[in-house]
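Written out below as C-alpha cells is the structure these notes cover.
No lab work stands behind these numbers, since they all come straight from the coordinates. As the structure is a prediction and not an experimental result, all values here were calculated from the model. Counting neighbours? That spans all protein chains shown, and the Cβs are built from the backbone with ideal geometry, glycine included.
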Amino acid sequence: MKKGIISFIIAFVAVYILLGYLSGFRIKLHAPPMEYFIESIKHMVFFKSGIATFFALLASGIPTLIQRLRK
C-alpha cells in the first residue's frame, strides 16, 4: 500500500512540473528563477492537477493491478 502511495506522489509531482514546462502551458514571464518556478506552479492549477492526477493514478495503479492479477 505504501509503495502505491509513494509512486502516486512521485508521478504526480513529476507530471505536474513537466506540464509547467511544455510550450503550450508555459508562462511568459521575465523574472528570477524562483519567482518563475512559483508562478508556473500556480498557472492553470486545476487543469494541470487533473491531468497529473490521471497519469499518477495510471502510474501507481497499473503495477498494483498486475501484482494482484499474478496472485
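So which chymotrypsin sites (Phe, Trp or Tyr not before Pro) in the chain end up in coil per DSSP with only 14 or fewer other C-beta atoms within 10 Å?
Of the chymotrypsin sites (Phe, Trp or Tyr not before Pro), the ones in loops of the chain whose Cβ has at most 14 other Cβ atoms within 10 Å are Y21.
Provide, for q = 0.18 Å⁻¹, the log10 of I(q)/I(0) from a solvent-free Debye sum over equal Cα point scatterers in the stretch 2-70.
Log10 I(q)/I(0), no solvent term: -0.69.
What length, rounded to one decimal in nm, is gained on full extension from K2 through to F25, with 0.36 nm per residue of separation minus their alpha-carbon distance?
Difference between extended and current length: 5.1 nm.
I'd like the trypsin sites (Lys or Arg not before Pro) in the stretch 6-49 restricted to DSSP loop residues with at most 15 other Cβ atoms within 10 Å, sorted by number.
R26, K28
Identify, among T53, G4, S23, the residue whose Cα sits farthest towards the positive end of the charge dipole of the chain, taking +1 on the Cβ of Lys and Arg and -1 on the Cβ of Asp and Glu, with the dipole about the Cα centre.
G4
Could you calculate the contour length gain from F47 to T64, that is, 0.36 nm times the residue separation minus the distance between their Cα atoms, to one decimal place in nm?
Result: 3.5 nm gained on full extension.
Under the definition of Cα pairs under 8 Å and six or more residues apart, what whole-number percent is the relative contact order of the stretch 2-70?
52 percent
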